[in-house]
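Okay, structure first, notes after.
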Amino acid sequence: MSKQRGPTTFGKIFGGLWYLIVCFIILAAGSLYGWARRSPLVMGAMKGLFLAPKPTEAFSSNVVTFLILGCDEDLYYQHLYVAKHAARSDMMMVARMDFETNEITGVSIPRDTWCKLPGYDTHKINAYHAIAKFGQENELTQQAVEHLIGVKIDKVITIDYRAFQKMVDMVGGVSVSVAKQMDYDDNAGQLHVHFKPGKHKLNGYDAMAYVRYRHSNKGKGDTDFERQARQKDLLVGLKQAVFANFTNLPEIAEASKGIFGGALSDEQILALAFFSKGVGEKKIKIGTIPTVEDGNGLKVDEAKLPSVLAQYKLAGGGSRVSQR
């Protein structure tokens with residue numbers, strides 16, 4: 001059965017990552033010079049209030065396509081040894097930012113989608129990050145994604161979950177409203193999720209578990225909508241926590257840079273923040289690549305892929321994948 005989803009609330013959530021940086025900019029506006037000097041990012045934001053950095057100059061292009069990854073950790077020997085800090089990718093999305101038309105578009109890629117990259121055995125697309133040689137994880141994953149959907153990637157951003165946890169702890173935790181009972185244990189990945197319905201204040205680890213949770217109590221995975229609603233809920237709580245910790249803003253801003261895995265310079269982060277601030281909700285459209293079930297995973301629906309890529313402004317190539 002073919003699966004194709006239209007635009008989802010993930011577009012708002014993706015924009016929220018940059019909006020969090022915008023919060024830093026707004027908060028910094030009335031601060032003292034000596035206070036802001038504690039963070040180069042906040043200093044750049046203050047300067048940007050008068051002369052905003054242009055994304056076309058920061059990226060030397062009018063359009064930039066990102067591959068955004070969220071990755072697990074592989075733990076060995078009863079969790080005493082981290083084999084890989086960035087193993088199988090837990091979240092994968094190709095996002096296109098058009099600085100001339102003020103649009104953010106893109107597609108998410110289900111992690112169970114099969115891909116046969118030339119020179120390698122057939123793997124699910126999220127496995128290429130894990131089988132790559134040390135230091136080449138992003139490069140191999142980029143090659144696999146480009147081969148899978150035929151879209152050229154300009155920059156890879158790996159979301160650092162540890163940096164995310166650190167930032168949440170720095171703001172004293174994040175308040176969220178849990179909609180349903182959440183119970184899941186992944187001993188290999190050291191991920192444990194146990195929340196009852198109601199209001200909770202989450203520390204860094206629990207916040208990370210909250211947004212990554214994808215299982216229901218009946219054994220079926222959550223819908224994209226449910227997971228995205230949680231991510232949006234957490235972003236709202238995180239924004240409120242940042243405002244409540246105004247005096248620690250420079251340190252929080254510096255910690256936030258680590259979330260992007262060092263892939264972006266201060267200038268690029270600020271340029272994207274100011275750019276995103278001007279992108280209207282109707283100009284953020286994120287969908288999912290079309291797939292068909294094959295029993296043990298998913299295959300790209302090559303007949304529908306070109307039209308979906310065109311819909312989200314990613315046209316320019318077709319699927320070149322050799323299906324499983």
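The values are calculated or read from the model by the stated rules, or taken from the named source; none is laboratory data. Quick caveat: nothing in here was measured; it's all calculated off a predicted structure. So basically every Cβ, Gly included, is an ideal-geometry build from the backbone, and we count neighbours across all protein chains shown. We work out accessible area using only protein heavy atoms, side chains counted, and drop any ligands, DNA or RNA first. Shrake-Rupley method; radii C 1.70, N 1.55, O 1.52, S 1.80 Å.
Things worth noting here:
- Cβ pairs under 6 Å, 6+ apart, first in the stretch 278-289 and open to solvent by 40 Å² or more (accessible area, probe 1.4 Å), second not in a loop (DSSP other than H, G, I, E, B): 283/103; 285/11; 285/105
- Any hit, the stretch 174-195, residues being surrounded by 14 or more Cβ atoms within 10 Å (Cβ to Cβ), part of a helix (DSSP H, G or I), at negative phi and out of contact with any Asp or Glu (no Cβ under 6 Å at 6 or more places or on another chain): no
So that you can scan it fast, the table gives a plain yes or no per residue for (1) of a type in the set (D, E, K, R); (2) closer than 30 Å to residue 57 by Cα; (3) modelled with pLDDT under 90:
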site	(1), (2), (3)
79	no, no, yes
88	yes, no, yes
109	no, yes, no
151	no, yes, no
169	yes, no, no
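- Residue count, the stretch 225-242 (criterion: touching a Phe, Trp or Tyr at 6+ places or on another chain (Cβ under 7 Å) and at pLDDT below 75): 1
- Scope the stretch 128-170; condition within 19 Å of residue 113 (Cβ to Cβ) and in a loop (DSSP other than H, G, I, E, B); matching residues: 132, 150, 151, 152, 153
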